[in-house]
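Okay, so here's the structure we're looking at.
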Amino acid sequence: MSNREVGVERWPALELASTIRHDGDGGVADDLATAQSTTRWIHQQAELLAGRADVAELTVGEELRSEIVGLRRAVRALFAQAVSPAPPSRADAHRLMPVEQALAHLNAAAAREAIVPQLDWPASGTPRTEVLSTERDAGVQLIAALARAAIEFLSGPQREQLRACNAPRCVRYFVKSHGRQEWCKPSCGNRARAARHYQRHNATTAQEEAGP
């Protein structure tokens, strides 16, 4: 399931990276583990991807699922680079794609769909830019749209505020929205504070038992 909170801005790149998440039982869940779950996740992103790709009727097969997972690997590798020298997400820190490979993969994915910017200027309105594409394969549209969204994210101001949540058991990345934010959501903050309290309590108990 997607990490959605009312009033929180969402980015396609962050949503893709967040398809790896804590499963609630001490392990890691993968929202892209099967073609069926990938289809479900994509449909959940339909509103977010509006104007980028038409995915409302898209059904994912194994080949497209594999392509999306590959793109996620590239995005998470670049997220890890963005938060460096701080530690990356624990979910895949031990098996990240090399940065140069991730860059090449992301750029190649974005180039799969040829798009043309067009200026629209209504007689009584404000000029606006529309992006036109002749691509009719919804799968290609999706891969290219996710890649372009990741490029926009990583080249925009959000990159400087990207963090890996260090709360116990959490494996998410998040965009820091205020100066003192340390975790991706309040429940992670509660777990982190509880863990710190437990550690302090155990340390005090150990010292008391050791005696003078």
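The values are calculated or read from the model by the stated rules, or taken from the named source; none is laboratory data. Here the structure is a predicted model, which means the values were calculated and not measured. Note that each Cβ is placed from the backbone with ideal geometry, even for glycine, and that neighbours are counted across all protein chains shown. Side chains included, ligands, DNA and RNA excluded: accessible areas come from the protein's heavy atoms. Shrake-Rupley method; radii C 1.70, N 1.55, O 1.52, S 1.80 Å.
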Report summary line: Expressed in angstrom and rounded, the centroid-to-centroid distance over alpha carbons for the range 89-138 and the range 37-57 is 15 Å
Query raised in the report: Amide H neighbours of Ala29 under 5 Å, counting only residues 5+ apart in sequence or on other chains, H built in-plane at 1.01 Å?
Result: Arg21, His22, Asp23
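What FRET efficiency would be calculated for the residue pair Leu132, Val69, taking the C-beta separation as r and a Förster radius of 35 Å, to the nearest 0.05?
Numbers: r = 29 Å, r/R0 = 0.83.
In this case the efficiency is close to 0.75.
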Query raised in the report: From the Cα gyration tensor of the range 13-154, with a ≥ b ≥ c the square roots of its eigenvalues, which class applies: rounded if a/c is under 1.5, or else prolate if a/b is larger than b/c, or else oblate?
Result: prolate
Report summary line: the range 71-146: relative contact order from alpha carbon pairs under 8 Å, six or more residues apart, as a whole percent, is 28 percent
Report summary line: Mean accessible area per residue over the range 88-133 (1.4 angstrom probe, all protein chains present, square angstrom) is 70 Å²
Query raised in the report: Any idea how far apart Ser155 and Val28 come out in nm if each label point goes 7 Å out from Cα toward Cβ?
Result: 2.9 nm
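Determine, for each peptide in 101-110, 167-176, 46-55, the mean count of other beta carbons within 10 angstrom over its residues, then list the peptides with the highest first. Mind showing how you got there, number by number?
Working: 101-110: 17.7, 167-176: 19.9, 46-55: 16.1.
Result, highest mean Cβ count within 10 Å first: 167-176, 101-110, 46-55.
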Query - Amide H contacts of Leu162 (H built 1.01 Å from N, under 5 Å, at least 5 apart or other chain) - result: Lys176
Report summary line: In whole percent, the fraction of accessible protein surface over the range 1-102 that belongs to carbon or sulfur atoms, probe radius 1.4 Å, stands at 50 percent
